[in-house]
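One structure is given below, encoded as structure tokens.
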Amino acid sequence: MTDKAWKLLGFAIACGSAVWIAAADVQAAGTKTTVTTGTPVAGIDVYMDKYQENTKQKSGEETAGLTQDKMRIGTFRTIFSNLGVAIVEDSLNIRKEPKNDAEVVGKLRSHSGASVLSEENGWYKIKSGQITGYVCGQYLATGKEARAIAYYDMKLMLRVDTQTLRVRSQPNTDAQILGRIHEGETYRFLSGSKGWAQIEYKGKPAYAYVPEFATIAYTIPEAEINSDVRSQVVNYAVNFVGKPYRWGGTNPNTGADCSGFVQYVMEHAAGVQLDRTSRQQASEGEAVPASNMEPGDLLFYSSGSQIDHVAMYIGEGQIVHAANRRSGIKISTWNYRNPVTIRRVIP
């Protein structure tokens, strides 16, 4: 059978039809669908396995090369527990709270997938990739309808199976680093050779060295993190400049210490949960060099052998931090002291 035939087989078995709604955001007008929590994706593994087996037979040479390079080939058996699929023309906003004016934390592109966690007053709480939030129920297909779309629209994707991988401009370790991809994220897989995977990264081909660090399988894309998250975090943080420092405090509105301040800002502006103390926070996320700092990255300082202070980089060589009782929350230059480590906790 051809690839298209396999997709049509999955489409028919799903016993549902894809509904296309011409809307780009949850506030747009469109035909409403009944909001019901999706059922587990029964049988999707079996038919994805058959589809994958057919594909391997059709492209044995390429598949053999991937296997030799130790890139795992299979199906995503746990990627979605209750499948939901975005049915919009462009993208569906994922919001921090179940209301139209809540902060946007990510987007589901058309026919991207999510796990449905719960339903509340016409909104679905979902998890997709690294994002958990809410989408308007009328623009998310579930149950048989979602499975039909997934079967018909699945593409060959790479899923990251390790904490972080560098993405480069060319398939060699001397090439320019374009960015980093993280555990659980999926990207369109284009080709593979000698341990290097060519993927679609920010709309362009790029490369990651992935032997034993990734799985190649047919599935549908996941959510994209809102590109404005970093600026939102910074804008939120600097609003507290001038507020008091308070030892042990965790709310900058009434007073916070350095770690309580960044913990509060990250949770409320980006949905990122951090440990309580600067020493604990210094082991979270991934380390980045000062030359690659981005707004929202955290800088950790010490006065001796142990880390005792944390600040947030806000760009232009500056940080915002709960400095001390005398200064309160203020802006300083990032290298007023030499940081012990710089950590990236926003993916």
*Of the listed pairs LYS107/LYS243; LYS107/LYS204; LYS127/LYS330; LYS125/LYS155, which have alpha-carbon separations greater than 30 Å here?*
LYS107/LYS243; LYS127/LYS330
*Viscosity 1.567 mPa s, 4 °C: Kirkwood-radius Stokes-Einstein D of segment 229-344 over Cα pairs, µm²/s*: 95
*Can you work out ³J(HN,Hα) from phi for every residue in segment 198-204, in order, using Karplus 6.51 cos²θ - 1.76 cosθ + 1.60 and θ = phi - 60°, giving whole Hz and x for Gly and Pro?*
8, 10, 8, 10, 6, x, 10
*Expressed in nm², what is the orientationally averaged projection area of the convex hull enclosing the Cα positions of segment 156-225?*
4.3
*Stretched out fully, how many nm does the piece from SER305 to THR250 gain, at 0.36 nm a residue minus the Cα gap?*
17.3 nm
*Search the structure for amide H atoms under 5 Å from the amide H of GLY192, placed 1.01 Å from N in the peptide plane, and list their residues when 5 or more places away or on another chain.*
GLN198
*10 Å beta-carbon shell around ALA256, net charge (K/R +1, D/E -1)*: +1
*Given the peptides 281-294, 142-155, arrange them by the average over their residues of other C-beta atoms within 10 Å, most packed first.*
142-155, 281-294
*Please list, in chain and number order, the residues 5+ apart from GLU89 or on another chain whose amide H is under 5 Å from its amide H, with Hs placed from the backbone.*
ALA23
*Cα centroids of segment 181-226 and segment 126-158: how far apart, whole angstrom?*
19
_Run the numbers for LYS99 and THR277: contour at 0.36 nm per residue of separation, minus the present Cα-Cα distance, in nm._
60.8 nm
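Bear in mind these aren't lab numbers, they're just calculated from the coordinates by the rules spelled out. Note that this is a predicted model, so its numbers are computed, not measured. Glycine also receives a Cβ, built like all others from the backbone with ideal geometry; neighbour counts cover every protein chain displayed.
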